[in-house]
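Below is one structure, written out as structure tokens; comments come after it.
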Amino acid sequence: MTRKILVVDDTRNMQTLLKDFLDKQNYEVLLAFDGIEAMDIFEQKHPDMILLDIMMPRMDGFQFLTRLRQTSKVPVIMISAKQQENDIIKGFELGADDYICKPFRLRELLMRIRAVMRRTSENDREDEVLTVQDIHLDRSRHEIHKQDQLIETTPLEFALMEMLMQSAGKVLIHQDVSLKLMDLGFSGSEMTLKIHIRNLRLKLGDDSSQPTYIENVFGVGYRFLEGTR
């Protein structure tokens, strides 16, 4: 079955570029000029993925993503000329699966699209709960709880938390984590990895100077602690 990709961008040239390229990759491409039009198309056509610009009239990309995540976990890759760290952080915090800055190479975009598609179409994930200390990660429900409290996470944060908890007590090397994230369809840069680790710590109520859960092994990587020291 042909996968549908919704391209949300107010620039006609960018729409044409992406549609022509993705058509040749056998995707069905839907087009929207702003967040309001995109929401209407999403509700009617149910795309498998959304490529989302930020700076648009009426409803921008951040506003659209905020509204979308209230009801849907459809994969979203943000495509924007905004390269400031705060914008990238905000995109991920709102639930973006990946973030790619303009200008970009079409082959790189295709690689990220395919990787995200693979990750989200996996149906063979084991139905089990990972438990380390008082943190419980439920793969089947895609939920993380600290004791009885639900910890809201983005798809990337969930994947990163799963990696850390699977290797509790062991050091995960920066490069290995970054490569794994890229394989899952996420940006694998060290800068974004630090951002997501920081976000996880905030959500867990973890102190980086005296960590209970995620420890920074200086110059090497990160370790999820098996118990209080």
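Kindly provide the set of residues from the range 33-78 that are outside any loop (DSSP other than H, G, I, E, B), among the hydrophobic types (A, V, I, L, M, F, W, C) and more than 20 Å from residue 3 (Cα to Cα), ordered by number.
Taking the range 33-78 as the starting set, the residues that turn out to be outside any loop (DSSP other than H, G, I, E, B) are 35-45, 49-52, 61-68, 76-78.
Then drop every residue that is not among the hydrophobic types (A, V, I, L, M, F, W, C), which leaves 36, 38-39, 41-42, 49-52, 62, 64-65, 68, 76-78.
Matches in the range 33-78: 36, 62, 64, 65.
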Of the residues that sit in the range 70-88 and are under 18 Å from residue 195 (Cβ atoms) and at pLDDT 90 or above, which one is surrounded by the fewest Cβ atoms within 10 Å (Cβ to Cβ)?
77
Filter the range 154-175 for residues that are over 15 Å from residue 76 (Cβ atoms), touching a helix residue (DSSP H, G or I) at 6+ places or on another chain (Cβ under 9 Å) and of a type outside the set (A, V, I, L, M) and give the result.
174, 175
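Please specify each residue of the range 17-32 satisfying the condition of being part of a helix (DSSP H, G or I) and either over 23 Å from residue 43 (Cα atoms) or among the charged types (D, E, K, R) (or both). I'd like the intermediate steps shown before the answer.
First, pick out the residues of the range 17-32 that are part of a helix (DSSP H, G or I): 17-24.
If the condition is that a residue be part of a helix (DSSP H, G or I) and either over 23 Å from residue 43 (Cα atoms) or among the charged types (D, E, K, R) (or both), then 17, 19, 20, 21, 23, 24 are the ones that fit.
The values are calculated or read from the model by the stated rules, or taken from the named source; none is laboratory data. The structure displayed is predicted, hence computed values, not measured ones. Here the Cβ is made from the backbone with ideal geometry for all residues, glycine too, and neighbour counts use every protein chain on show.
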